[in-house]
Amino acid sequence: MIADTTKAIEATKQLVDAVPFLGGSVSEKDYRDALALVDYLINHDDESPLIDFLAAKIADYEDHSEQFAGFNKSVDEVPVGVALLRTLIDQHKLSYADLKEEIGSKSLVSQILSGQRSLTISHIKALSDRFGVKPQWFL
């Protein structure tokens, strides 16, 4: 047991030396290096448990760093339904005109996405049918 503990401690020290971000470094360089490492691992070893460790540290850093405070605030202010609609539009490479059946005119889609208008129940039902998602995801 002691030998295994010693090995684990030494391996942890080596890992933190190689990836300082895992050891709590909050430098911009170490953050960027961690992002690059996750990208590399996803492309070359997507089963690596290191991805999960790094992703958790990156998410924590992005949630609490002053650098991301403005972005996080703006994301928090976007209604969930609008954020989901934006994501679906991007994923399906749609134009505002492509949502005529579900929402109506391009200007109405634009008003919803800019926060000037809200999604109605009929919009939500039509969008959930079109994209195969649960209506409550828009709420």
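The values are calculated or read from the model by the stated rules, or taken from the named source; none is laboratory data. In this text the structure is predicted, and so the values were computed from the model without any measurement. Ideal geometry is used to build each Cβ from the backbone, glycine not excepted, and the neighbour counts take in all protein chains shown. Please note that ligands, DNA and RNA were not included when accessible areas were found on the heavy atoms of the full protein model with its side chains. Shrake-Rupley method; radii C 1.70, N 1.55, O 1.52, S 1.80 Å.
In sequence order, the stretch 68-73 has phi-based couplings of 9, 4, x, 5, 4, 5 Hz under the Karplus curve 6.51 cos²θ - 1.76 cosθ + 1.60, θ = phi - 60°, and Gly or Pro positions carry x. Using a probe of 1.4 angstrom and keeping all protein chains present, the accessible surface of the chain works out to 69 square angstrom per residue.
Among 54, 95, 18, pick out the residue whose Cα is farthest towards the positive end of the charge dipole of the chain, where Lys and Arg carry +1 and Asp and Glu carry -1 on C-beta, about the Cα centre. Projecting each Cα onto the dipole axis, the largest value belongs to 95.
Given the C-alpha centroids of the stretch 32-51 and the stretch 78-129, what is the distance between them in whole angstrom? What the calculation gives is 34 Å, centre to centre. Karplus-derived 3J(HN,Hα) values for the stretch 113-118, using 6.51 cos²θ - 1.76 cosθ + 1.60 with θ = phi - 60°, are 5, 8, x, 6, 10, 10 Hz; glycine and proline are entered as x. Among the listed values [x] 11.5; [y] 12.0; [z] 8.1, the one computed from these coordinates for mean projected area of the Cα convex hull in nm² is [y].
Phi angles of the stretch 21-34 translate, via the Karplus equation with coefficients 6.51, -1.76, 1.60 and θ = phi - 60°, into HN-Hα couplings of 4, 5, x, x, 4, 10, 6, 4, 4, 5, 4, 5, 4, 5 Hz per residue; Gly and Pro are given as x. As a fraction of the 1.4 Å probe accessible area of the stretch 74-113, surface on carbon and sulfur atoms comes out at 51 percent. To the nearest 0.05, what FRET efficiency results for residue 107 and residue 26 with a Förster distance of 35 Å applied to their C-beta separation? So the FRET efficiency works out to roughly 0.20. Placing dummy labels 7 Å off each Cα toward the beta-carbon, the span from residue 44 to residue 66 is 3.5 nm.
Every helix of 4 or more DSSP H residues in the chain counts as -39500 (n - 2.57), and over all residues that averages to -20500 deg cm²/dmol at 222 nm.
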